[in-house]
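*Asks:* Handing you this structure, nothing more for now.
The values are calculated or read from the model by the stated rules, or taken from the named source; none is laboratory data. Source: prediction; values computed, not measured. Heads up, the Cβs are rebuilt from the backbone with ideal geometry, glycines too, and the neighbour counts pull from every protein chain shown.
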Amino acid sequence: MKVDVIHKVMKMNDEVAGSVRRRLEECGMAAINLISGPGSGKTSLIESAARAANGCLRLGVIEGDPDTALDAERIARCEVPVVQINTGGGCHLEANLVDRALDRLPLAELDLLIIENVGNLVCPVEFDLGESRRVAVVSTAEGHDKPAKYPKLFRTADLVVLNKIDLLPHVDFDVDAFLAYVNDLRPGVTVLQTSCRTGAGIGAWMAWLKDTARNGKVA
Amino acid sequence: MHELSLIGAVVDRVLEVSATHEGRRVRRVTLRIGALQQVVPDSLAFGFEALSRGTAAEGAVLDWYEAPARIECLKCRTVFFPESVFWACPSCGEKGGRIVEGDELILESVELLDEE
């Protein structure tokens, strides 16, 4: 006998993501989901934000990696509350992992949660973590064609960050081509160009984070 | 390669269906996979075989079909089938657009073996 089910496979994750959103909303917080390939500078962007925040934006961080607490240790040195999730080989974070990590953060004392996803341009895109906004990060060392090759991330991004712009003189990265790809996939999306080493663009990055903390809360 | 996570959710639901039908063994599971879903069907099959072992779903066939993507142009509202990653509207050329369908991942039906 055939049983019609019509069950959304992502239903469980989406329900938990909704619960995460409600928890954050009750604490008056917003959250961003930082997605990129490995090594594009996600952790450095968080460190830059922590240093620039200077008490006027209270950050909390969830770090996702297959292994080690290396990233969480870096964030902890910035005196920002941080929880490390180790997926043990899992290639993406899911809402239930974020939900459990929230239990270990002082939510009432925070303005903005930054979730650094596992370095991966594909799988994290499919999983709603309860974030208010999603950020796609690409570095100049990765090639300007990444948006075309990984379109779904860029179509779903609320902000695109092009990082490591200090390397532009040394790489064959065509910024105009990159911006054109991004605009074709997500017309009108804001693109920030940053360097965590020189500090270029970090002011704009902070402004966007503060705007998210103020206005990014999901109703 | 998040297919294992997805197929885990499929197997859970399939076994729920089996449990509410006297624990009958599963013959076939049918998925509808939208064209915009980033999954590799062979990886789904591999994961299904692994996760259904020792359950009422062991040995079941995992079937799927692709649902086409349809995009609505944000400028002129034409609904079209995208021909490239950039979703260029065939009427006005505008790129981007809103997904009408094609991003779904649905467990459509479970076929159970008849009682012996």
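*Asks:* Among what's in the stretch A:83-118 and is more than 14 Å from chain B (Cβ to nearest Cβ) and under 11 Å from the mean Cα position of the chain (by Cα), pick the residue that is farthest from A:GLU26 (Cα to Cα).
*Replies:* A:GLU116
*Asks:* Suppose we filter B:VAL85, B:VAL40 for residues that are within 19 Å of A:CYS123 (Cβ to Cβ), surrounded by fewer than 18 Cβ atoms within 10 Å (Cβ to Cβ), within 13 Å of another protein chain (Cβ to nearest Cβ) and aliphatic (A, V, I, L, M); which single one remains?
*Replies:* Among B:VAL85, B:VAL40, only B:VAL40 is within 19 Å of A:CYS123 (Cβ to Cβ), surrounded by fewer than 18 Cβ atoms within 10 Å (Cβ to Cβ), within 13 Å of another protein chain (Cβ to nearest Cβ) and aliphatic (A, V, I, L, M).
*Asks:* Among what's in the stretch B:4-15 and is facing chain A (nearest Cβ under 9 Å) and of a type outside the set (S, T, N, Q), pick the residue that is surrounded by the fewest Cβ atoms within 10 Å (Cβ to Cβ).
*Replies:* B:ASP12
*Asks:* Limited to the stretch A:74-108, what total is found for residues that are in contact (Cβ under 8 Å) with a residue 24 or more places away in the chain, more than 21 Å from A:GLY18 (Cα to Cα) and assigned to a loop (DSSP other than H, G, I, E, B)?
*Replies:* 7
*Asks:* Sticking with this one: A:SER40 fails exactly one of the following numbered conditions: (1) closer than 19 Å to A:ASP158 by Cα; (2) not in a loop (DSSP other than H, G, I, E, B). What is the number of that condition?
*Replies:* A:SER40 satisfies every listed condition except (2).
*Asks:* Residues B:ILE99, B:ILE33: which one is within 25 Å of A:VAL189 (Cα to Cα), at pLDDT 95 or above and not in a loop (DSSP other than H, G, I, E, B)?
*Replies:* Answer to the check: B:ILE99.
*Asks:* Here's another thing I want to ask about it. Which numbered condition trips up A:GLY37, out of (1) within 18 Å of the chain's Cα centre (by Cα); (2) within 14 Å of another protein chain (Cβ to nearest Cβ)?
*Replies:* Every listed condition holds for A:GLY37 apart from (2).
*Asks:* Then there's this: Quick check: anything in the stretch A:122-142 within 14 Å of chain B (Cβ to nearest Cβ), in contact with a Phe, Trp or Tyr (Cβ under 6 Å, 6 or more places away or on another chain) and not small (Gly, Ala, Ser)? Even if it seems obvious, please write down each step before you answer.
*Replies:* At the first step, the residues of the stretch A:122-142 found to be within 14 Å of chain B (Cβ to nearest Cβ) are A:122-129.
With the extra rule that they be in contact with a Phe, Trp or Tyr (Cβ under 6 Å, 6 or more places away or on another chain), the set shrinks to none.
Scanning the stretch A:122-142 turns up no residue that is within 14 Å of chain B (Cβ to nearest Cβ), in contact with a Phe, Trp or Tyr (Cβ under 6 Å, 6 or more places away or on another chain) and not small (Gly, Ala, Ser).
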